Amino acid sequence: MAVPVPWACCAVLAAATAVVYTQRHSPQEAPHVQYERLGSDVTLPCGTANWDAAVMWQVNGTDLAPDLLNGSQLVLRGLELGHSGLYACFHRDSWHPRHQVLLHVGSSLPSTF
């Protein structure tokens with residue numbers, strides 16, 4: 001025999017589900033698009049984070065080594081085509097991206113109109 005569920009319980013459960021869904025699926029700010037030349041060096045800041053903030057960086061979802069950091073900034077030297085990708089900076093206490101950069105590495109920069 002089914003046990004009746006009070007309506008107040010259903011309303012609370014529905015509201016909690018909506019909050020969790022919104023937090024996990026809220027639209028992210030579009031990544032900053034950046035073009036760099038092959039062989040150049042680039043420093044990517046972690047948005048407005050303090051220079052010494054505890055952050056971590058990923059490229060295409062893979063963690064990057066801490067020795068690539070200068071404070072909260074990611075330093076890439078001698079860029080190659082394989083450096084192209086989506087870079088994301090996270091505070092160590094959160095998995096929400098603080099800053100994202102879509103980096104394109106090529107032999108020439110795109111022309112502007």
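The number of residues in the range 35-60 that are surrounded by fewer than 16 Cβ atoms within 10 Å (Cβ to Cβ) and not in a loop (DSSP other than H, G, I, E, B) comes to 3. The condition of being touching a Cys at 6+ places or on another chain (Cβ under 8 Å) and either within 13 Å of S40 (Cα to Cα) or modelled with pLDDT of 95 or more (or both) holds for only one of L81, L74, that being L74. For the range 61-95, the set of residues classified as within 19 Å of V105 (Cβ to Cβ), over 16 Å from the mean Cα position of the chain (by Cα) and in a loop (DSSP other than H, G, I, E, B) consists of R77, G78, L79, E80, listed by residue number. Scanning the range 69-88 for residues that are surrounded by 10 or more Cβ atoms within 10 Å (Cβ to Cβ), of a type outside the set (S, T, N, Q) and out of contact with any Lys or Arg (no Cβ under 9 Å at 6 or more places or on another chain) yields L69, G71, L74, V75, L76, R77, E80, L81, H83, G85, L86, Y87. Out of H91, H104, H32, H25, one residue alone is at pLDDT below 90 and surrounded by fewer than 16 Cβ atoms within 10 Å (Cβ to Cβ). It is H25. Contact annotation: residue pairs with Cβ atoms under 8 Å, 6 or more positions apart or on different chains, pairing a residue in the range 53-67 that is of a type in the set (S, T, N, Q) with a partner that is assigned to a strand (DSSP E or B) and surrounded by fewer than 17 Cβ atoms within 10 Å (Cβ to Cβ), are N60/G85; N60/L86.
The values are calculated or read from the model by the stated rules, or taken from the named source; none is laboratory data. Just so we're clear, the structure is a prediction, and the values are computed from it rather than from any experiment. Note: ideal-geometry Cβ built from the backbone for every residue, glycine included; neighbour counts use all protein chains shown.
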